[in-house]
Amino acid sequence: MDYFAKDVIRNESGINYALSVSDAEVNFFNNMNSTKTSFDAVIFNTSDYPDSEIVAYANENPDLFNKYDFKAISVESDSIAKKVLKRISSEEITFEDAISEYSKNYYSTSNGTLKNKFEYQIKSILKNDADLIKIADLEKDELSPVIQTEIGYTIFKCVSQMQPTDTTNSEFIDIARTYVKENEMGRIQDYFSSEAAKFVETAKTSGFDVACKQSGKTKQSVNDFRLNFKNNSLLDESKSDIEGLEGISDNEDFLKKVFALNKGDVSDPIVLENTVIVVKSNGSSVKSDSSIAKADFTQDVTNQDYSSVISYIYDSKKLKNNFDATYTKYFTSTK
């Protein structure tokens with residue numbers, strides 16, 4: 001009651017000891033709402049990373065994309081795996097029959113074919129990286145020793161010889177691109193930051209539009225953009241529907257750099273999650289077209305404070321929440 005009083009607790013006595021909101025606070029938020037900036041932007045999308053750069057990476061790291069053809073038997077324990085390997089080695093059972101009888105198929109199809117084909121994929125399922133050589137050096141039809149994998153223990157059988165990295169194969173380009181996107185995003189961002197830096201140099205010497213024309217980039221314009229980090233509910237929403245700029249309200253680095261620009265200034269490259277962008281400021285303006293009444297603002301602040309307190313309580317490690325069990329016991333029990 002001391003914190004929220006009648007605004008939330010519905011105290012009909014009219015006495016409100018809740019948190020107070022001053023006129024200065026209301027004016028402060030209204031001023032934040034009224035300050036806007038406009039800017040032009042060009043977007044370098046990381047999905048446009050060229051095939052030539054993928055090939056260059058593969059040439060630097062060729063072993064990653066060696067292609068293997070294995071069958072596998074995966075079981076839950078080391079002792080079972082050794083038993084299976086002994087039976088196969090003594091010709092008590094064939095490898096194919098052992099697949100049907102023992103394998104849990106953690107990493108393989110129902111007929112034992114290993115789903116992971118490329119070296120980096122196979123390496124990812126091994127518990128110990130050093131075990132890779134025990135698999136990579138297998139000859140056709142040769143069996144590996146028991147290998148501990150991320151799940152269980154596995155026996156590998158070489159079906160055909162390893163195929164070295166082939167950068168002319170379209171399948172390779174797709175596989176390598178996926179790997180680089182998942183594991184080397186910094187490399188991709190560095191590439192586009194370098195391309196964006198060239199754009200900035202041209203924009204500063206010859207103009208933003210000239211830089212767009214020379215680089216083949218499309219200029220995107222954003223108007224009346226407010227400073228509202230993560231779109232706090234007490235302020236007007238600030239967003240962009242332009243592809244590649246959707247998350248700019250959540251990016252602190254972007255907001256700091258863009259709102260620090262003077263009219264006509266061109267930013268250095270700004271790295272977002274999947275894009276690198278360059279911005280030219282078209283200036284900021286202050287308008288009083290957005291104003292919230294004190295009573296409405298007070299209610300908004302109260303609601304947000306109330307929600308924050310509830311979240312804090314429920315997130316506390318000291319809370320033992322027995323509500324569901326208690327409710328079920330006393331209100332839904334059939335007894």
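The values are calculated or read from the model by the stated rules, or taken from the named source; none is laboratory data. Because the structure is predicted, anything quoted here is derived from the model rather than measured. Quick reminder, even Gly has a Cβ in these numbers, built from the backbone with ideal geometry, and neighbours come from all protein chains shown. Remember, those area values only see protein heavy atoms, side chains included, never the ligands or the DNA or RNA. Shrake-Rupley method; radii C 1.70, N 1.55, O 1.52, S 1.80 Å.
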Selection from region 170-206 of residues that are among the β-branched types (Val, Ile, Thr) and open to solvent by 20 Å² or more (accessible area, probe 1.4 Å): Ile173, Ile175, Thr178, Thr202, Thr205
Enumeration of residues in region 140-163 that are within 16 Å of Gln121 (Cβ to Cβ) and modelled with pLDDT under 95: Met162, Gln163
Filtered residues of region 100-133 (kept if under 19 Å from Gln148 (Cβ atoms), open to solvent by less than 70 Å² (accessible area, probe 1.4 Å) and not hydroxyl-bearing (Ser, Thr, Tyr)): Asn105, Gly112, Leu114, Asn116, Glu119, Gln121, Ile122, Ile125, Leu126, Asp131, Leu132
Contacts under 7 angstrom Cβ, first residue in region 83-108 being under 11 Å from Ile155 (Cα atoms), partner in a loop (DSSP other than H, G, I, E, B), 6 or more apart: Leu85/Val146; Ile99/Asn111; Ile99/Gly112; Ser103/Gly112
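Any residue that is under 30 Å from Asp236 (Cβ atoms), of a type in the set (Phe, Trp, Tyr) and surrounded by fewer than 17 Cβ atoms within 10 Å (Cβ to Cβ) - is there at least one of those in region 28-39?
To start, the set of residues in region 28-39 that are under 30 Å from Asp236 (Cβ atoms) comprises 28-39.
Now drop any that are not of a type in the set (Phe, Trp, Tyr), which leaves 28-29, 39.
Next cut, surrounded by fewer than 17 Cβ atoms within 10 Å (Cβ to Cβ) only: 28.
Yes, there is a match, as at least one residue in region 28-39 is under 30 Å from Asp236 (Cβ atoms), of a type in the set (Phe, Trp, Tyr) and surrounded by fewer than 17 Cβ atoms within 10 Å (Cβ to Cβ).
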Region 1-27, subset of a type in the set (A, V, I, L, M) and at pLDDT below 80, residue most open to solvent (accessible area, probe 1.4 Å): Met1
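Looking for something assigned to a loop (DSSP other than H, G, I, E, B), buried (at least 17 other Cβ atoms within 10 Å of the Cβ) and not acidic (Asp, Glu) - is there at least one such residue anywhere in region 64-72?
Yes: one or more hits.
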Positions within region 300-318 being open to solvent by less than 70 Å² (accessible area, probe 1.4 Å) and either in contact with a Ser or Thr (Cβ under 8 Å, 6 or more places away or on another chain) or free of Cβ contacts under 8 Å to residues at least 24 places away in the same chain (or both), in sequence order: Asp300, Gln304, Ser307, Ser308, Ile310, Ser311, Ser316
Residue list for region 51-100, restricted to those being in contact with a strand residue (DSSP E or B) (Cβ under 7 Å, 6 or more places away or on another chain), within 30 Å of Glu182 (Cα to Cα) and β-branched (Val, Ile, Thr): Ile73, Val75
Matching helices (runs of 4 or more DSSP H) fully within region 94-209 where at least 1 residues are closer than 30 Å to Asn45 by Cβ, out of contact with any helix residue (DSSP H, G or I) (no Cβ under 7 Å at 6 or more places or on another chain) and of a type in the set (S, T, N, Q): 119-125, 170-183, 185-206
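Yes/no matrix, rows are residues, columns are (1) β-branched (Val, Ile, Thr); (2) not in a loop (DSSP other than H, G, I, E, B):
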{"site": "Gly244", "(1), (2)": "no, no"}
{"site": "Lys263", "(1), (2)": "no, no"}
{"site": "Thr302", "(1), (2)": "yes, yes"}
{"site": "Ser308", "(1), (2)": "no, yes"}
{"site": "Tyr330", "(1), (2)": "no, yes"}
